[in-house]
Amino acid sequence: NKVSCYPLTIADSYSRYVFAAKGMHHANTKNSKPVFIDTFRNYGMPLQIHTDNGAPFAHINSLGRLSKLGVWFMELGIKPVYSDPSHPDQNGRHERMHRELKAEATKPPGYSLQPQQRKLNSFVKEYNELRPHEALGMKTPVSIHRRSERTYPEKIDDWVYPSDYKVKYITRNGAIRVNINTWLFVTTALMGKYVGLEELGNGIYRMYFREFLLGYVDMKELNVHDIMTYKDELDV
């Protein structure tokens with residue numbers, strides 16, 4: 001019917017098992033989060049999730065490329081991992097599955113979202129249960145996959161930073177208060193959350209959200225040095 005369908009696909013990199021291929025009219029956090037909740041409830045939670053830099057997973061100009069969805073992952077103890085911009089090959093297994101999905105579930109496409117979802121469901125069932133994979137020794141993903149032992153928490157517990165950390169609240173404009181008249185912008189993705197600052201000396205602090213290192217703060221220069229940028233510089 002000439003309306004775009006955006007499939008959210010979630011898969012296990014080791015076993016190739018596809019947890020979900022959910023068609024949606026809008027690729028955003030509101031639509032995506034319930035799919036992840038169902039996946040985590042049914043299959044347990046991973047230690048990390050590797051995504052590209054598109055919405056709703058990342059914001060390329062945000063600290064740590066964080067989005068609201070990425071922040072929620074971190075609250076669950078899941079580390080967001082991102083491919084480098086313009087490098088989908090860094091998540092090659094998932095991209096190969098995508099190519100097969102597009103070839104088999106979109107030619108022709110369903111007339112509307114409901115029949116398109118039936119095509120996606122049919123692909124997932126065949127891909128997981130019937131189709132042997134050469135990389136798995138000609139076994140099927142369902143025969144290899146094992147449920148994660150990390151269960152989904154229905155309530156996220158508050159995080160307690162070490163007593164020697166400075167704990168700062170992120171305001172709705174994405175900033176922390178340095179002193180009564182001075183603010184330092186961090187990211188709006190973390191608004192309403194608390195970050196912990198570990199002092200290293202000379203006005204330099206490591207900045208954490210929960211257990212995850214986000215970057216370094218220079219209180220003298222009032223700068224935040226993104227861990228993602230710092231990592232890229234080290235890699236070069």
Qualifying residue in the stretch 35-55 (condition: without any contact (Cβ under 8 Å) to a residue 12 or more places away in the chain and open to solvent by 60 Å² or more (accessible area, probe 1.4 Å)): no
Qualifying positions in the stretch 182-216 - touching a helix residue (DSSP H, G or I) at 6+ places or on another chain (Cβ under 7 Å) and more than 24 Å from ALA58 (Cα to Cα): none
Failed condition for ARG41, given (1) closer than 28 Å to VAL224 by Cβ; (2) of a type in the set (Lys, Arg); (3) over 10 Å from the mean Cα position of the chain (by Cα): (1)
Subset of the stretch 95-105 (residues that are touching a helix residue (DSSP H, G or I) at 6+ places or on another chain (Cβ under 8 Å) and surrounded by 15 or more Cβ atoms within 10 Å (Cβ to Cβ)): MET97, LEU101, ALA105
Whichever residue in the stretch 179-228 is of a type in the set (S, T, N, Q) and in a loop (DSSP other than H, G, I, E, B) and, among such residues, is surrounded by the fewest Cβ atoms within 10 Å (Cβ to Cβ): ASN181
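From PRO108, PRO80, PRO132, grab the single residue that is open to solvent by 30 Å² or more (accessible area, probe 1.4 Å) and over 15 Å from TYR17 (Cβ atoms).
PRO108
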Test: residue in the stretch 149-164 that is without any contact (Cβ under 8 Å) to a residue 60 or more places away in the chain, touching an Asp or Glu at 6+ places or on another chain (Cβ under 6 Å) and closer than 28 Å to ARG206 by Cα: no
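Would it be correct to say that ARG16 is touching a His at 6+ places or on another chain (Cβ under 7 Å), touching a residue at least 60 places away in the same chain (Cβ under 8 Å) and over 30 Å from LEU130 (Cα atoms)?
Against the criterion (touching a His at 6+ places or on another chain (Cβ under 7 Å), touching a residue at least 60 places away in the same chain (Cβ under 8 Å) and over 30 Å from LEU130 (Cα atoms)), ARG16 does not qualify.
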All positions within the stretch 92-141 that are more than 13 Å from SER13 (Cα to Cα) and of a type in the set (A, V, I, L, M, F, W, C): LEU101, ALA103, ALA105, LEU113, LEU120, PHE123, VAL124, LEU130, MET138
Residue match in the stretch 220-234 (condition: at pLDDT below 95, under 30 Å from ILE10 (Cβ atoms) and of a type in the set (Val, Ile, Thr)): yes
Residue satisfying all of: in the stretch 135-169; among the polar types (S, T, N, Q) and part of a loop (DSSP other than H, G, I, E, B); most open to solvent (accessible area, probe 1.4 Å) among these: SER163
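The values are calculated or read from the model by the stated rules, or taken from the named source; none is laboratory data. All values reported here derive from a predicted model rather than from experimental measurement. Because the Cβ atoms are built from the backbone with ideal geometry, glycine has one as well, and the counts that use them run over all protein chains shown. Surface areas here come from the heavy atoms of the whole protein model, side chains and all, with no ligands, DNA or RNA. Shrake-Rupley method; radii C 1.70, N 1.55, O 1.52, S 1.80 Å.
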